[in-house]
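A.B. asks: Shown below is the structure under consideration.
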Amino acid sequence: MSQPPVRVTPRIEIEDPLGQRLAPESLPALVPPREGWGTIGLAATGIGVLIAGLSGLEVANFVSDQFARAAWLGWVTLTVALTGFGLIAAGIWRELRFLHRMDAVDRLRAGLADPARAQDAAIDWVRSLPGQQALLPSLDATTSPEALQALLRAGPGAILAADTARLGRAAAVQVLAVTAAVPAPALDGLVVALRGVRLVRQVAELYGLRPGTLGTITLLRRTLLSAVYVSGANVAVDTLVKAAISNPHMQHLAGDVAGAAVAARRMIVLARATALACSPIIPD
């Protein structure tokens, strides 16, 4: 009985510049280049280092000169310098902490969508919320991601949604009053924008986030993306707007101002979109 022919794969060898034969497996693996910082990032970092470093050296020299003049004057100068730099460091730390918490929201959302991590993610989020510890035994007995999502929506999700709607209605009422009282359309837009930023910060604090200036800008960008989903719920939004303007005094103030109801509706949508950006619960 004849044996089937055996196919032999030829061994490929590469000759290096020194004349030696190298097999492919002995060659170093090609590692794709890692993306580094861009030109703007490098320039901005360099400018920041120069400003912080040179400012620190200048302040240190000034404090040293003040100590040379008088001890008490040096201590006063040092106290002022440490207070100023401490406040700056506290502001930077606040921004970094907010960004870290926003990343934690993304991780929790991804964990709730993963069957292997959904239970741990749900328990971690509920433990971080005050007054929701009674839900932990139910979460311990549930492993299905769909069931966990239902428990979260019925428990802390419903409470946070109600508080978010309350903040949105309050902002809508205030916008209606200002729009009816302020005669200048340009001032109307400014007031609506400022009230919208405040509403975003209020909803974020409701979810345990305290954004600073840069954090608010980051949250506004995420909120705009979430607004695409929220804006589809036109029926619910219209209902909330009608509830916000049901007060007879507010109806009298609004009068025939065409943009009042539109501005109020935007506050409702903005509140819900911010909640969606801050919540790890996956919308159904």
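Read the figures in this text as sums done on the coordinates, not as results from a lab. Predicted model, so just to flag it, every value in this text is computed and none were measured. Here Cβ is always computed from backbone atoms with ideal geometry, including for glycine, and neighbour counts include all displayed protein chains.
A.B. asks: Please state which one of 129, 112, 187 is within 30 Å of residue 264 (Cβ to Cβ) and touching a residue at least 60 places away in the same chain (Cβ under 8 Å).
C.D. replies: Numbers: 112 fails: within 30 Å of residue 264 (Cβ to Cβ); 187 fails: touching a residue at least 60 places away in the same chain (Cβ under 8 Å).
Only one candidate qualifies: 129.
A.B. asks: If you don't mind, there's one more thing I want to ask. From the residues in the stretch 58-108 that are exposed (fewer than 12 other Cβ atoms within 10 Å of the Cβ) and hydroxyl-bearing (Ser, Thr, Tyr), which one is nearest to residue 278 (Cα to Cα)?
C.D. replies: Among those residues, the one meeting the criterion is 83.
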